[in-house]
Amino acid sequence: MVERIVVGQMYTNAYIYSEWKKECILVDPGDDGEKIIRHLTLKNLTPRGIVFTHGHLDHIAGTATILEFYREKDVAIPLAIYSEDQRYLGKRAKKIHQKNFRDLGLQGTDLFDSLFSPVPDPDILLGEGDFLFDSDLVTIFTPGHTRGSVSFYSEKQGVLFSGDTLFFEGIGRTDLPDGDGQAIITSIKEKLYVLPPLTRVFPGHGPDTVLEREIKHNPFVSG
């Protein structure tokens, strides 16, 4: 099961991914923690872990609310992020997020104030090829949007969570401090476009797509 929940002022896609009857993995709970909790409660699902495709605030801001809700139920939920993006979590992360949003101008400052909620240090630092919480989702290192951006792929289910690397006929921005325009193109071509063409792509923003469509029609990445 893959369920998309659009959260926050930046319309981030949070995902519930489940191979089990009563457990799931949360991908990028970027805001509106209460909204995500309602979906989980309705489906009688408990997260066995939360994973982030990268550390930007609009992909992590709902985490604290979710952790607190389950902590009151004596359920500890581990957090996982790629090692290169661990600086976006923990006590020293606030200044990094402030700078990213300050670069967007006054609107960015207002967004930061509405989004920021401290997220603890990660419990798991992911590496290339690591599987997530005993699931069939594997970590693919796809830097460019950030230094530690990753995608999560299930060969069995034919699904790819691409974060802010690959969108429907688009790619993630690379003009923030640790973005790299050439790296994101290389990641897409060498890591994602080599996957089966009928793989369903669930991006960090916007509608889902199919890899074959992006290979043929994405104007930012020539196939």
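Tell me which residues, restricted to region 16-55, are part of a loop (DSSP other than H, G, I, E, B) and touching a helix residue (DSSP H, G or I) at 6+ places or on another chain (Cβ under 7 Å).
Those that are part of a loop (DSSP other than H, G, I, E, B) and touching a helix residue (DSSP H, G or I) at 6+ places or on another chain (Cβ under 7 Å): Asp28, Pro29, Gly30, Asp31, Phe52, Thr53, His54, Gly55.
Return yes when Gly148 is part of a loop (DSSP other than H, G, I, E, B) and either among the small types (Gly, Ala, Ser) or crowded, with 18+ Cβ neighbours inside 10 Å (or both) and no when it is not.
Answer is yes for this residue.
Of the residues in region 112-139, how many are more than 30 Å from Gly158 (Cα to Cα) and either surrounded by fewer than 18 Cβ atoms within 10 Å (Cβ to Cβ) or touching a strand residue (DSSP E or B) at 6+ places or on another chain (Cβ under 8 Å) (or both)?
Qualifying residue count, region 112-139: 8.
Looking at (1) closer than 23 Å to Ile50 by Cβ; (2) under 18 Å from the mean Cα position of the chain (by Cα), which is the one condition that is false for Glu155?
(2)
Scan region 179-194 for residues that are at pLDDT 95 or above and in a loop (DSSP other than H, G, I, E, B) and jot them down.
Selection gives Asp180, Tyr193, Val194.
State all residues of region 195-217 that are among the β-branched types (Val, Ile, Thr) and assigned to a helix (DSSP H, G or I); if no residue qualifies, say none.
Going residue by residue through region 195-217, those that are among the β-branched types (Val, Ile, Thr) are 199, 201, 209-210, 215.
Scanning region 195-217 gives a single hit, Ile215.
Quick grid of which residues meet (1) of a type in the set (Val, Ile, Thr); (2) touching a residue at least 12 places away in the same chain (Cβ under 8 Å):
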position	(1), (2)
Asp178	no, yes
Ala183	no, yes
Val194	yes, no
Phe202	no, yes
His205	no, yes
Val210	yes, yes
Glu214	no, yes
Asn218	no, yes
Val221	yes, yes
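Rundown of residues vs (1) surrounded by fewer than 24 Cβ atoms within 10 Å (Cβ to Cβ); (2) modelled with pLDDT under 95; (3) touching a Pro at 6+ places or on another chain (Cβ under 6 Å), yes/no style:
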| position | (1), (2), (3) |
| --- | --- |
| Leu26 | no, no, yes |
| Pro29 | no, no, no |
| Glu34 | yes, no, no |
| Ile37 | yes, no, no |
| Thr41 | yes, no, no |
| Leu45 | yes, no, no |
| Arg48 | yes, no, no |
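Of all residues in region 56-92, how many are closer than 18 Å to Ser162 by Cβ, acidic (Asp, Glu) and out of contact with any helix residue (DSSP H, G or I) (no Cβ under 7 Å at 6 or more places or on another chain)?
Result for region 56-92: 2.
Can you find even one residue in region 57-69 that is modelled with pLDDT of 95 or more, crowded, with 16+ Cβ neighbours inside 10 Å and assigned to a loop (DSSP other than H, G, I, E, B)?
Step one: list which residues in region 57-69 are modelled with pLDDT of 95 or more, which gives 59-60, 62-69.
If we keep only those that are crowded, with 16+ Cβ neighbours inside 10 Å too, we end up with 59-60, 62-67, 69.
Keeping just the survivors that are assigned to a loop (DSSP other than H, G, I, E, B) gives 60, 62.
Within region 57-69, one or more residues are modelled with pLDDT of 95 or more, crowded, with 16+ Cβ neighbours inside 10 Å and assigned to a loop (DSSP other than H, G, I, E, B).
Got a number for residues in region 12-31 being within 15 Å of the chain's Cα centre (by Cα) and either over 21 Å from Phe152 (Cβ atoms) or of a type in the set (Ser, Thr, Tyr) (or both)?
The total comes to 3.
For Leu160, state whether it is touching a Leu at 6+ places or on another chain (Cβ under 7 Å), surrounded by 15 or more Cβ atoms within 10 Å (Cβ to Cβ) and assigned to a strand (DSSP E or B).
Spelling it out, Leu160 is indeed touching a Leu at 6+ places or on another chain (Cβ under 7 Å), surrounded by 15 or more Cβ atoms within 10 Å (Cβ to Cβ) and assigned to a strand (DSSP E or B).
So which residues in region 70-89 are surrounded by fewer than 24 Cβ atoms within 10 Å (Cβ to Cβ) and either free of Cβ contacts under 8 Å to residues at least 24 places away in the same chain or in a strand (DSSP E or B) (or both)?
Arg71, Glu72, Lys73, Asp74, Ala76, Leu79, Ala80
State yes or no: is Gly204 within 21 Å of Tyr17 (Cβ to Cβ) and in contact with an Asp or Glu (Cβ under 6 Å, 6 or more places away or on another chain)?
On the way: within 21 Å of Tyr17 (Cβ to Cβ): yes; in contact with an Asp or Glu (Cβ under 6 Å, 6 or more places away or on another chain): yes.
Answer is yes for this residue.
The values are calculated or read from the model by the stated rules, or taken from the named source; none is laboratory data. Treat the numbers as computed from the prediction; the structure is a model and nothing was measured. Virtual Cβ from ideal backbone geometry, glycine too; neighbours counted across all protein chains shown.
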